[in-house]
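Inspection log for the structure reproduced underneath, given as structure tokens.
The values are calculated or read from the model by the stated rules, or taken from the named source; none is laboratory data. Just so it is clear, the structure is predicted and the values come from calculations on it, not from any experiment. Cβ: placed from backbone, ideal geometry, glycine included. Neighbour counts: every protein chain shown. In case anyone asks, the SASA skips ligands and DNA or RNA and just uses the protein heavy atoms, side chains included. Shrake-Rupley method; radii C 1.70, N 1.55, O 1.52, S 1.80 Å.
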Amino acid sequence: MSLDLISFIVLGIITLVSGYLVVASANLMHAALFLGLSFVGVAGIYLVLGAEFLAAAQILIYVGAITTLIVFGIMVSNLQDLKAGGRGVWARVVRNLASFRRGLVPLVAAAGFAILMLVIYRQSLWPAEAPPASGSNLATVGRLLFTEYVVPFEIASVILLAAVLGAVALSRRDDQPPAGSTGQAAPAAERKEGR
Amino acid sequence: MADEEKELQSQEAPAEGSRGEHGEKQRPARRTRTPKKEEAPGPHDTLEDLPGELARAVERIRAGLPGVEVRGRRDHWLEIRTEPSRWVEVATFLRDDPELRFDYLALLTGIDRLDDGFEVVVHLNALTSNLRLILRTQVPREEPVCPTLTGVWPGANWHEREAYDLLGIRFEGHPDLRRILLKEDWVGHPLRKDYIDRRPPRKIQVKADWERRA
Amino acid sequence: MQLEQSLVQWVGNLYAAGLSWWTSLGIPEWVWVALMAVLKGVAVLTFLLLNVLFLIWLERKVAGRIQRRPGPMHHGPQGIFQTLFDALKLVIKEDIIPSQADKWVFITAPLVMIAPALMIWVVMPFGPDLIARDLNVGLLYVSAVSSFSILALIMAGWSSNNKWSTLGAMRSAAQMISYEIPLGLALVAVGMLAGTLSLKGIVEAQQERTWFLLLQPLGFLVFIVAATAEINRAPFNLPEAESELVAGFNTEYSGFRWGVFFVAEYANLLFMAGMAATLFLGGWSGPAFLPPFLWWLLKTYLFVFLIMWVGWTLPRIRVDQLMELGWKFLIPVGLANIALTGVFVILT
Amino acid sequence: MATTSPPAQAPDVRVVPDEQDRSSSHLYVSMGPQHPSTHGVLRLKARIDGERIVDVDPDIGYLHRCFEKHSEQLTYPQIVPYTDRCDYLAAINNELTFALAVEKLLGLEVPPRAQYLRVITMELQRIASHLIAFGTFAMDLGATTAFLYCWRERESIINLLEEISGARMLFHYVRIGGVRNDVTDDWLRRVRAFVDDFISDKLPQYHRLITGNRLFVRRTKGIAVLTPEDAIAWGASGPVLRGSGVARDLRKVEPYCGIEKYDFNVPVGENGDVFDRYMVRMLEMEESAKIIKQALEGIEAGDVMAPLPRRWKVEGETYVRTEGPKGEVGCYLVGDGSDKPYRLHWRAPSFVHLQLIPVISKGLLIADLVAVIGSLDPVFGEVDR
């Protein structure tokens, strides 16, 4: 039992549980936040494995950018049943388990994914033990990115650029948008019934 | 407008039912020496020898608006008295006539003249020539309806809302005739001389708009 | 210098001695390591919170002087204990969670805000040996951890179920995403010049050459503007623009939870000032008549004062102008700076 | 001066519904009545798209104190302090308007020294009011420091006025028939010193701090443009009207208190935007200081109160207006021969100006809306009365 192992187990549990909750949460906002937590857990595992660069990049990109964008997107879209979930974590878990749509599906998905991973792991061609990272892996990554993998890197950049432009084009609204398409959020929309 | 009428009726005859304490009884006001019409302008009597500018304006108005009373006062305000039916016509003429151009509405308000009904008073200004004019009309107490001037001077909007709120003069054709100073469910019009607030002091209830509507 | 080094040495000896004693007890080594990590964290935390207490007082004094008033004067000489009592008041205030709020997100948001604000100090070099952990991806770590606070602000704003909070959260998300990029660009240029991303390495590189402020004037400009925006200081304090959005994302927060946001804000201010000192003014390095740590503190407070000064003088920028400044000025300048730095690095 | 007629049909003033319209992509916010920058208890019901304003509907009345109804129960001298509470930031100007109205109906002649004192206090009050307008405006834009600088000068004015009236805000100094107290030569000297210092030192400070600031200029230039045609049609007055380029100052048009003898300019704006309204106020402070200087030179010895009638018999009606700091302060007074007014109507410039918010703020951002409110400088004492 070493610190690394304990850290790994704790982080793994965090990652898995929050990963399950991403799918199980009835509240989209919570799902997105759990997704962020799951990313943090993964970053922590990277850190434990000594891949500091990967961990920092993971947080920077997945937590700092992607989760934020998802949350932002949820916030600015007009989702009526954002808060369809009930109160209490356990109430929700029980309800999720009881409900086929919300309980079983994520379980089945998780189980399927686990089986898939297991199969891949068992039949993998690469060594299961990665060689220890040596020196500044930042320099290695940078060198590889600009020599060996420069073409995929550039292609990825172009695709991302296209995606950004596409997102801008799609989110552009006409003066009279169709009802409830891409409107403002108003979390206070729920207030009317609430009070 | 149906609600308005109900509201007015409830003022005339106090409702005995649930809202009895909100209703109002007609009662002569404590001090009601109504200024008579002829003495209303007070010390500022009609000026016979008007300064040239005013005399020209009076002539112009007499020519353009046959049948309206127009006179010049000693304090250099012109004064027009007209019927509610000609209200908008007179106002439009005053604004559009190229020599008069009363383009600035300084004030619109109402006065409760008790038996003579409500008087609507408008103070106008011509910014180019600095002519000043008071435009008045009288509407009956039983049915205080007056055409709106918002189409002539948009600035009349809130003045008319205030007159409606506090005196209960309804301005027909007003785009947005709601109470402005008092809250929406207030009963009665406090600036009327016969207004008595008979509600006992009560706790202030804060309610959201939609709750009040429901 | 001597004193500090011997102090560090002494602590190191103590650590080694403690470890051997600990293992002799038969308890696994990792418990000791974890315990020591916690101790380290507590030390940094104490230092940080003391500084934050002082900073809040300083802010009020600076604002007061700029506005020709004395600022807090009761509670101790020059009102120095004012913040302490303020903090006390915040703690004993009623803790309000709006009934329509998303309770758990509402509670978690201050934690998500304060945790990175403290975590980020891990890589800050206070002196040649005074650094919690010298990561070789220090700069990357900084920009990664600081991006957490966006999430915290959005969580706070959204979960409050208040329109002003939501507007504040949306503003902050847009603002911080926009300003993270120029901030990153400025950091990249510094990293290129130093040849390392480790903050300690950067300071050492400056000792070899000269302060990067002189080599990187453009980068410094971009950094200081973007950093001011990143920590929501005036004139970029749009997420909590009190005259527009009441209090922005923290409208519904009160008492201790609000205090946590407040502390995090000042911790971030101190950190950004410390970063500016480390990256552009040579960090702890300086003539030997002062210990390195004090040099760091001095330079940091110089930048703290600068940011406060600017904040209390300028009107607030408007949200669209903010975006324009970020995207149309800072990012192109940052990119140009990187290109220039590249040329410079190749030439020298 | 522009004299184009506005369209003949009723203007499009749409009511913003209170309820959230689920099918719409707009957000409804209620700004105020308790909001840091609504200058009192203004509530704006706004429909916004992102941060852009689609519609806004001002909702007032949270400070209604039945001033007009109340006045009908009070004798004329008793009403004077209540007029203070209309525009409480410019109490002197209100008292003056009411006093002038009653004096006109009574036919009272005010002694010349009182006239001078009225001009001095009135213009001091105008400076004080503009200082607050400027300070709060700057604070709404996030420049908190200017606010406290303004407070410093306002404090000097208040101290001066406190000395002669005993009050610090609602002065009750101008009375029917004159002013309350005579002043000493020393007081006049100190007014002089304040004005000199204000012109030479303090006002340039403000300009250096705010007017030349690029952030400030970018936030105010070209925002919420009020055309001269609209300004006239909506009954704007004071700095709002002059900011739109219409040079109408009641001190020039309908002089009172002998103000026609003074030499001063009427600053006007060019574009009618927020910046111009701000600039007009700043320049007006200078002109006010000029007027005060001339009054201090011309002031003569004598009584400060006209003999008042033993029995008040106010008859007839009059509409008297003065140029307040906010605009045309009008008092419409109907007397029935007794010692209490039959009807008193207060024409409050802020009340009229608030109508403009929906007109000029469509399509702006929330941050601009704050600037618009600041540039109109409403005071809720007189809006709600």
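Structure summary
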item	result
Restricting the range C:135-148 to residues that are touching a Pro at 6+ places or on another chain (Cβ under 7 Å) and open to solvent by 10 Å² or more (accessible area, probe 1.4 Å), the residue that is farthest from the other protein chains (Cβ to nearest Cβ)	C:146
Every residue from the range D:284-303 that is open to solvent by less than 60 Å² (accessible area, probe 1.4 Å) and among the hydrophobic types (A, V, I, L, M, F, W, C)	D:285, D:289, D:291, D:292, D:295, D:296, D:299
Filtered residue count, the range C:168-199, keeping only those that are touching a Phe, Trp or Tyr at 6+ places or on another chain (Cβ under 9 Å) and under 21 Å from residue D:51 (Cα atoms)	11
Lone qualifier among D:260, D:229 - being open to solvent by 10 Å² or more (accessible area, probe 1.4 Å), without any contact (Cβ under 8 Å) to a residue 12 or more places away in the chain and not in a loop (DSSP other than H, G, I, E, B)	D:260
The range A:23-57: number of residues that are open to solvent by less than 50 Å² (accessible area, probe 1.4 Å) and in contact (Cβ under 8 Å) with a residue 24 or more places away in the chain	22
Qualifying residue in the range C:164-181 (condition: in a helix (DSSP H, G or I), open to solvent by 10 Å² or more (accessible area, probe 1.4 Å) and more than 21 Å from residue C:316 (Cβ to Cβ))	yes
Single unsatisfied condition, residue D:306 versus (1) within 23 Å of residue D:94 (Cβ to Cβ); (2) in contact with a Pro (Cβ under 7 Å, 6 or more places away or on another chain); (3) crowded, with 21+ Cβ neighbours inside 10 Å	(3)
Residue match in the range D:267-283 (condition: under 21 Å from the mean Cα position of the chain (by Cα) and farther than 27 Å from residue D:224 by Cα)	no
Matching residues, the range C:282-294, being surrounded by 22 or more Cβ atoms within 10 Å (Cβ to Cβ) and in a helix (DSSP H, G or I)	C:292
Residues (among the hydrophobic types (A, V, I, L, M, F, W, C) and closer than 21 Å to residue D:124 by Cβ) located in the range D:248-278	D:250, D:257, D:259, D:264, D:266
Complete set of residues in the range D:35-59 that are open to solvent by 30 Å² or more (accessible area, probe 1.4 Å), at pLDDT 80 or above and among the acidic types (Asp, Glu)	D:59
Output for the range C:47-80, where each listed residue is open to solvent by 40 Å² or more (accessible area, probe 1.4 Å) and in a loop (DSSP other than H, G, I, E, B)	C:68, C:69, C:70, C:73, C:74, C:75, C:80
Unmet criterion (only one of (1) touching a residue at least 40 places away in the same chain (Cβ under 8 Å); (2) open to solvent by 10 Å² or more (accessible area, probe 1.4 Å)) for residue D:78	(1)
Residue D:275 being in contact with a helix residue (DSSP H, G or I) (Cβ under 6 Å, 6 or more places away or on another chain) and either without any contact (Cβ under 8 Å) to a residue 40 or more places away in the chain or surrounded by fewer than 18 Cβ atoms within 10 Å (Cβ to Cβ) (or both)	no
Among (1) open to solvent by less than 10 Å² (accessible area, probe 1.4 Å); (2) within 14 Å of chain C (Cβ to nearest Cβ) - the single one residue D:148 does not satisfy	(1)
Condition met for residue D:210 (within 20 Å of the chain's Cα centre (by Cα) and at the interface with another protein chain (Cβ under 8 Å from one of its Cβ atoms))	no
Scope the range C:187-219; condition of a type in the set (S, T, N, Q), assigned to a loop (DSSP other than H, G, I, E, B) and more than 19 Å from residue C:334 (Cβ to Cβ); matching residues	C:196, C:198, C:210
Selection status of residue D:251, closer than 27 Å to residue D:99 by Cβ and in a helix (DSSP H, G or I)	yes
Residue in the range D:340-385 that is farthest from the chain's Cα centre (by Cα), counting only those that are more than 10 Å from chain B (Cβ to nearest Cβ) and at positive phi	D:363
Scope the range C:81-101; condition assigned to a loop (DSSP other than H, G, I, E, B) and open to solvent by 60 Å² or more (accessible area, probe 1.4 Å); matching residues	C:81, C:93, C:94, C:95, C:96, C:99
Any chance residue A:77 is open to solvent by less than 70 Å² (accessible area, probe 1.4 Å) and modelled with pLDDT of 75 or more	no
Residues (within 15 Å of residue C:310 (Cα to Cα) and either at pLDDT below 80 or open to solvent by 40 Å² or more (accessible area, probe 1.4 Å) (or both)) located in the range C:204-235	C:221, C:234
Test: residue in the range C:188-195 that is closer than 22 Å to residue C:137 by Cα, modelled with pLDDT under 80 and open to solvent by 20 Å² or more (accessible area, probe 1.4 Å)	yes
Residue match in the range B:103-118 (condition: at pLDDT 85 or above, more than 10 Å from chain D (Cβ to nearest Cβ) and open to solvent by less than 10 Å² (accessible area, probe 1.4 Å))	yes
Criterion violated by residue C:265 - all others in (1) away from every other protein chain (no Cβ under 13 Å); (2) at pLDDT 85 or above; (3) surrounded by 24 or more Cβ atoms within 10 Å (Cβ to Cβ) satisfied	(3)
Hits in the range C:308-334 (condition: open to solvent by less than 10 Å² (accessible area, probe 1.4 Å) and over 20 Å from residue D:138 (Cβ atoms))	C:326, C:330, C:334
Only one of D:106, D:74 that is over 30 Å from residue D:285 (Cα atoms) and at pLDDT below 85	D:106
Search result, residues across the range A:21-40 that are in contact with a Gly (Cβ under 7 Å, 6 or more places away or on another chain) and within 26 Å of residue A:4 (Cα to Cα)	A:38
Per-region count, the range B:157-195, residues more than 10 Å from chain D (Cβ to nearest Cβ) and among the hydroxyl-bearing types (Ser, Thr, Tyr)	1
